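S.K.: A single structure is presented below for examination.
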Amino acid sequence: MRVFIPTKVYFEQEVKEYEQGRELLERYEKLNIPLIQIEAHHKIEELRHQPDKEFTRMKKYLILGTRKTIKLTPNDKSADFIVPFTSSGCTALCLYCYLVCHYKTNSYLRVFLNRDEMMNKVKQTINKAGEHKIYELGCNSDMVLENTITGNLRWAIEEFGKLENATATFATKFDMVDDLLKAKHNGHTQMRVSVNPVEIIRRVEFGTSSLIERIHAANKMLEAGYRVGLNIAPIILEDGWELMYEEMFQQLAEQLLPKLKGQLFIEIIFMTYGLPNFNINAASMPKAVDLLNKDKMRLKSPGKYTYRNEYRNAAESILRGYIEKYLPEATISYIV
Ligand code: SF4
């Protein structure tokens, strides 16, 4: 993957109080990228009311700010706590991206410079919990992508490496893990590689790493001593999905290292598709596949669609069969 070079950088004045903030501004100034001062990362007037068709252009911007509210949220899926961490948003253009439902066209990458404050909140929570817990980093972003800009994932991994009673976890659709291989993780971090069939990645997950790149990244991380899982998400029931997913499982079985398969845990998440996704995709990527299939989907909550039970349940049983056949040593953490 190429390194992300933004076309514009918007920054809060406060960013200059942080060494990392000053370095980032200096880096982009040297590249002659326009630097625009803003009052607050969530109130950029010139970006707030842009039409939907501007979405892909705005995804090339980088916003630098500080996170004002840092409150860990309890979770019962991939972690015990979700940590609001050093970024939100992303440079990729997955057609179903959940962030588009929250931030609409403003789901560009924002990097927050006050990482010590976030890590202090984690430490307070660890002390309070008094027993081992798992902490999810980057649930509103992709930390592997962010790490190529800030090095914050490597930093966080090493911070968790020094802590007791805590495991960090993160999911990614990117493969740029080389910087993480030598991190002193002390066995306190696990990675979940998000995978989908080759055809789905090509037609739906624009701007992310290919399946083979993600598989190589998973193997490298396992070799570097990390625990590695798969996050098969989101499951998309497009025509021909059975064959596409079977081929994906075959490829995983052939190309994941045997010792990775021996410790493998798998999460499966069926797609939720929001009306903001539909509207923004139609306006900004009109040639892309339309994922809103009202024959197979039902309203899950206002403006959000999911697969009807008859399709979802049949698909779940087929996917469980593929896992038994191709990855028999794996454990399924959850299916939602
Ligand atoms: Fe959204 Fe994740 Fe895709 Fe980025 S990689 S666009 S955060 S779904």
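The values are calculated or read from the model by the stated rules, or taken from the named source; none is laboratory data. Since the structure is predicted, the reported quantities are computational estimates derived from the model, not experimental observations. Ideal geometry is used to build each Cβ from the backbone, glycine not excepted, and the neighbour counts take in all protein chains shown. Just so you know, the surface numbers come from the protein's heavy atoms only, side chains and all, with ligands and any DNA or RNA stripped out. Shrake-Rupley method; radii C 1.70, N 1.55, O 1.52, S 1.80 Å.
S.K.: Using packing as a proxy for protection, rank 171-177, 156-162 so that the peptide with the highest average count of other Cβ atoms within 10 Å comes first.
M.R.: On the way: 171-177: 23.3, 156-162: 19.6.
Packing order, densest peptide first, comes out as 171-177, 156-162.
S.K.: If the reach is capped at under 21 angstrom between alpha carbons, list the lysines near Lys104, excluding any in the same chain fewer than eight residues apart.
M.R.: By straight Cα distance, Lys104 reaches Lys8, Lys43, Lys53, Lys59, Lys60, Lys68, Lys173, Lys287, Lys300, Lys304.
S.K.: How many percent of the accessible area of the stretch 41-118 is carbon or sulfur, using a 1.4 Å probe?
M.R.: 50
S.K.: Between Glu164 and Glu46, what's the calculated FRET efficiency when r is the beta-carbon distance and R0 is 51 Å? Round to 0.05.
M.R.: Efficiency, from the Cβ-Cβ distance: 0.65.
S.K.: Counting heavy atoms of the protein chains only and a 1.4 Å probe, report the per residue accessible area for the stretch 114-156 as a whole number of Å².
M.R.: Details: 1680 Å² over 43 residues.
Accessible area per residue: 39 Å².
S.K.: When ranked by the protection proxy of mean other Cβ atoms within 10 Å per residue, highest first, what sequence do the peptides 272-278, 34-40 form?
M.R.: Values: 272-278: 20.3, 34-40: 13.3.
In descending order of packing, they fall as 272-278, 34-40.
S.K.: Treating only the Cβ of Lys, Arg, Asp and Glu as charged (+1, +1, -1, -1), what charge dipole size does the stretch 8-335 show about its Cα centre? Round to the nearest 20 debye.
M.R.: Dipole magnitude for the stretch 8-335 comes out near 520 debye.
S.K.: Modelling each spin label as a point 7 Å along the Cα-to-Cβ direction, I'd like the Lys325/Ala224 distance in nm, to one decimal.
M.R.: Computed distance between label sites Lys325 and Ala224 equals 3.4 nm.
S.K.: Provide the gained length on full extension for the span Lys30 to Leu299, in nm with one decimal, where the gain is 0.36 nm per separating residue minus the Cα-Cα distance.
M.R.: Length gained between Lys30 and Leu299: 92.0 nm.
S.K.: Once every DSSP H run of n ≥ 4 in the chain is given -39500 (n - 2.57) and the sum is divided by its residues, what mean residue ellipticity at 222 nm do you get, rounded to the nearest 500 deg cm²/dmol?
M.R.: One gets -11000 deg cm²/dmol as the mean residue ellipticity at 222 nm.
S.K.: Also: Please report, as a whole percent, how much of the solvent-accessible surface of the stretch 153-276 comes from carbon and sulfur atoms (probe radius 1.4 Å).
M.R.: 51
S.K.: Further question: So what does Thr189 come to for accessible area, using a 1.4 Å probe and Å² rounded to 10?
M.R.: 0
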